[in-house]
Amino acid sequence: MEQLEKFSHTIFTDYVANFYGYDSQVLQLENSSINVISFKKKKFKYALSLPFGLYSPLNSKEELSALMSEITREKADHVVINIGPDSGINYEDLLHLTNVYKFKLIQRSCHIFESEENTPVVERFNSTRKKHIKRYIKAEKVNVHMTKDPRFFEEYFRLYEDSAKRWGTKTVYPKEFIADLWKVPGIYMWVAILDDKMISAMICMYHEDTVFDWLAASYLNDEYKSLYAAVAVQYEVFQHAQQNGYRHVNMGASEGLDGVSNYKNSWNAVQKTTYSLTKESLVFSILKRLHKFKSKFTRQHV
């Protein structure tokens, strides 16, 4: 069994804060084991639960209540507490607590692939996905492996940018932010190499018993389609997770994106409910609405 670094909330928080120039800290809350980052940006104070909540260890309404109480005392202008799948907290309790502490409850979802120790992962996929995996293995053209090599993180942005254009969206993270992610413990990249060229890649976080698919991108021209490089990367992530004792591979959120959701279903990943609890100060809320109105007005009159 391969021993990987454990994802570090503190180091990742410092990495993000240093990159964006935030004044940040990880809050040490008395009654909760949840990591919460607090930072200031443009005079506003933010408090956000980490890491991304999709695998938050909240297990009881009592722990959540204590967290909400303590984080409210921080008097942040914008607060987000993420509740992951299988948290052990039911909807009625969430609704009650959001009313008590004046939070807004947002229902979301993510797809989880559960590792089954005695079942080969390929047996879990649908017929189309199995066919693609067999073609990838038989062709022996694409080499897939896990890496922390800085050059791959440096090269990743070109894949990311190409995929964003194909999806009709924009890149969320700048090139320089991605380039040094290899320095954060628990963050690895899976790459698909063809003739020394990276044609598909996925950045994953390895946290406790969960692998989180964070960022994935591929070149997808006519030459590469038949190689199924993106499928190969996803398959190898699942294989490695099962062989190394990780219980879950979290494929992330996909609500409102039917194509993305169908792709995840093809791997026999199960869609599970997650929640975000949010709270905003009156001033923050008013300025956010004014900003949205200004942006909409500008678009309509350009």
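The values are calculated or read from the model by the stated rules, or taken from the named source; none is laboratory data. Since we're looking at a predicted model, the values are computed, not measured. Counting neighbours? That spans all protein chains shown, and the Cβs are built from the backbone with ideal geometry, glycine included.
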_Can you find, within segment 207-217, the residue that is surrounded by the most Cβ atoms within 10 Å (Cβ to Cβ) among those that are closer than 18 Å to Tyr263 by Cβ and out of contact with any helix residue (DSSP H, G or I) (no Cβ under 8 Å at 6 or more places or on another chain)?_
Phe212
*Pairs only if they're at least six apart or on different chains, beta carbon under 6 angstrom, first in segment 242-260 and in a loop (DSSP other than H, G, I, E, B), second polar (S, T, N, Q); list them, first residue then second.*
Arg247/Ser115; Ser254/Ser261; Glu255/Ser109
*Out of curiosity, is His132 touching a residue at least 40 places away in the same chain (Cβ under 8 Å), part of a strand (DSSP E or B), touching a Phe, Trp or Tyr at 6+ places or on another chain (Cβ under 9 Å) and more than 13 Å from Ala217 (Cα to Cα)?*
no
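Glu223: over 30 Å from Asn118 (Cβ atoms) and in a helix (DSSP H, G or I), yes or no? It would help to see each step written out before you state the result.
Values: over 30 Å from Asn118 (Cβ atoms): yes; in a helix (DSSP H, G or I): yes.
When the stated conditions are applied, Glu223 passes them.
Residue check: is Leu220 over 25 Å from Gly84 (Cα atoms), touching a residue at least 12 places away in the same chain (Cβ under 8 Å) and surrounded by 15 or more Cβ atoms within 10 Å (Cβ to Cβ)?
Values: over 25 Å from Gly84 (Cα atoms): yes; touching a residue at least 12 places away in the same chain (Cβ under 8 Å): yes; surrounded by 15 or more Cβ atoms within 10 Å (Cβ to Cβ): yes.
Criteria met by Leu220.
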*Restricting attention to segment 150-172, report how many residues are exposed (fewer than 14 other Cβ atoms within 10 Å of the Cβ) and either without any contact (Cβ under 8 Å) to a residue 24 or more places away in the chain or in contact with a strand residue (DSSP E or B) (Cβ under 8 Å, 6 or more places away or on another chain) (or both).*
8
*asked:* Can you tell me which residue is modelled with the lowest pLDDT among those in segment 273-286 that are of a type outside the set (Ser, Thr, Tyr) and surrounded by 15 or more Cβ atoms within 10 Å (Cβ to Cβ)?
replied: Phe284
*Those residues of segment 180-220 which are at positive phi and of a type in the set (Gly, Ala, Ser), in sequence order*: Gly186
*Every residue from segment 66-113 that is farther than 28 Å from Ile286 by Cβ and buried (at least 18 other Cβ atoms within 10 Å of the Cβ)*: Gly84, Pro85, Ser87, Ile89, Cys110, His111, Ile112, Phe113
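Does Tyr188 fit the bill of being assigned to a loop (DSSP other than H, G, I, E, B) and under 18 Å from the mean Cα position of the chain (by Cα)?
Numbers: assigned to a loop (DSSP other than H, G, I, E, B): no; under 18 Å from the mean Cα position of the chain (by Cα): yes.
The answer is no for Tyr188.
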*Test: Met251 is in contact with an Asp or Glu (Cβ under 6 Å, 6 or more places away or on another chain), modelled with pLDDT of 90 or more and over 20 Å from Asp149 (Cβ atoms)*: yes
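Considering only segment 261-285, state which residues are touching a residue at least 60 places away in the same chain (Cβ under 8 Å) and assigned to a helix (DSSP H, G or I). Working first, answer last.
Going residue by residue through segment 261-285, those that are touching a residue at least 60 places away in the same chain (Cβ under 8 Å) are 261, 264-281, 283-284.
The answer is Ser261, Lys264, Asn265, Val283, Phe284.
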